[in-house]
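J.: The structure follows.
The values are calculated or read from the model by the stated rules, or taken from the named source; none is laboratory data. Just so you know, these numbers come straight off a predicted model, no measurement behind them. Here Cβ is always computed from backbone atoms with ideal geometry, including for glycine, and neighbour counts include all displayed protein chains.
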Amino acid sequence: MCWLATCLRRLPLVLGAWLGATAPLPAAEPRLRVELTPPGDLYPALDLSQAVRGDAPHGGGTGLLRIHVENPGAARTVRLRVQTPGLRAPAVLETGLAAGQSLEWWPRLAWDAAAVQALAAPRRQVLAVRLESAGAAAAEEVDVRLHGLDEALYYVSSDGQAVDLAGIFAAYVDPHSPAVDAILGRAGLLAEAAQAVPGTRGRSRRLALAEAVWTELVRRGLRYSAEVLAIEAGPHLYSQRVQLPGQTWQRGSAHCLDASVLIASVLERLGIPTFLVLVPGHAFVGFYVDPERRQAEFVETTLLAAGGTSAASFAAARAAGRTRYRDALPHLTAGARPGYVLIDTTAARAYGIMPLAVGAGSGEGRVPSRE
């Protein structure tokens, strides 16, 4: 079962909507119904973050888009097709239905990553769903907003029920981004990354590697951006803008979450388990310094632009990170969502959340190693 399907079991279609205009069929013909959560919005990052699994239920999609077919008449073959701008190809299902049988299909949407990454703002468009069977047809057209790849929907709430999608942030952590290659190459760590075995290094080596990564980002002159993170800030939808590692490296500027994602990407490549910590209006990165994952260090990425020697700034960033985590810990322990959340990237991978570039079927494109 995909990670989103597991989350959505806690919010069984409360946010779904019977949307669009359906062309009527005779009473004995199959009936079509479309449900979309949240109503009227498509977030490609949620689709592209899913690992492909052979045992995926209902067609392998996220479950945010659900196509229902009821067959009140005789046994028949039905063909379903889902199309909207931004897909590489329509989602198609052809299957047989026995007399009286119902079908629930979660189409896996094959987004064109380059197209949705280019969206500067949500785009209004039509999601078209068509049902064909023995010469008869039904269709629904749903007015939707298509959101860009850099918008991470992480919490949805309605009627006292909620679904926590914060695992999506782990999808922006990409250990095989060309930006990671560039940083490791500048730090002279490509060979060590190639031989990395998770869980085999001790505290001192992990700290040394993290400092080497920090040093390269300081040398790069990575600038801190005070851009507001939130796109949707409640009360029903919560989303944030997040850059992929390659975008942060190319642009040379990052807000706290972007820089945390970039550092986590490099450390994951080096075999060091990492996590992201989100607090209201801010984010920072942490990593485990022992094989047993009982001890951790935290890094306040806003200090990348503070100046000074890299060693001194890294020590200051660790101290500030520890303070941030100590202040956040009571809220994290209490489960104060959506404001406070810790995303363990190793656990996220095991849960089926993969880097977005993997879901897109390609990398981000070569990133220049600018000196």
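J.: Pick out the one residue from Ala45, Ala5 that is in a helix (DSSP H, G or I), under 26 Å from Tyr172 (Cβ atoms) and modelled with pLDDT of 75 or more.
T.: Ala45
J.: Looking only at the range 232-268, filter to residues that are touching a Phe, Trp or Tyr at 6+ places or on another chain (Cβ under 9 Å) and in a strand (DSSP E or B); which one of those is surrounded by the most Cβ atoms within 10 Å (Cβ to Cβ)?
T.: Across the range 232-268, the extreme among qualifying residues is Ala254.
J.: Further, regarding this structure: Restrict the check to the range 229-237 and report whether at least one residue is in the same structural domain as Ala350 (by TED's automatic domain parsing) and under 20 Å from Pro178 (Cβ atoms).
T.: The answer is no; no qualifying residue exists.
J.: Pick from Phe314, Phe287: which is in contact with a strand residue (DSSP E or B) (Cβ under 7 Å, 6 or more places away or on another chain), at pLDDT 90 or above, crowded, with 16+ Cβ neighbours inside 10 Å and not in a loop (DSSP other than H, G, I, E, B)?
T.: Exactly one of Phe314, Phe287 is in contact with a strand residue (DSSP E or B) (Cβ under 7 Å, 6 or more places away or on another chain), at pLDDT 90 or above, crowded, with 16+ Cβ neighbours inside 10 Å and not in a loop (DSSP other than H, G, I, E, B), namely Phe287.
J.: Quick one: Val163 ticks every box in (1) modelled with pLDDT of 95 or more; (2) closer than 30 Å to Gly246 by Cβ; (3) in a strand (DSSP E or B) except a single one, so which number is it?
T.: So Val163 meets the others, but not (1).
Residues checked against (1) surrounded by 15 or more Cβ atoms within 10 Å (Cβ to Cβ); (2) in a strand (DSSP E or B); (3) free of Cβ contacts under 8 Å to residues at least 12 places away in the same chain:
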{"position": "Ala89", "(1), (2), (3)": "no, no, no"}
{"position": "Glu94", "(1), (2), (3)": "no, yes, no"}
{"position": "Arg108", "(1), (2), (3)": "yes, no, no"}
{"position": "Leu119", "(1), (2), (3)": "yes, no, no"}
{"position": "Leu131", "(1), (2), (3)": "yes, yes, no"}
{"position": "Ala170", "(1), (2), (3)": "yes, no, no"}
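J.: Kindly list the number of the only condition in (1) buried (at least 19 other Cβ atoms within 10 Å of the Cβ); (2) farther than 29 Å from Ala336 by Cβ; (3) not acidic (Asp, Glu) that fails for Gly221.
T.: The single condition Gly221 does not satisfy is (1).
J.: Next question, about the same structure. Taking Pro72 and the conditions (1) at pLDDT 95 or above; (2) not in a strand (DSSP E or B), which numbered condition does it fall short on, given that it satisfies the others?
T.: (1)
J.: Looking at Leu80, is it surrounded by 19 or more Cβ atoms within 10 Å (Cβ to Cβ), part of a strand (DSSP E or B) and not assigned by TED's automatic domain parsing to the domain that holds Val34?
T.: no
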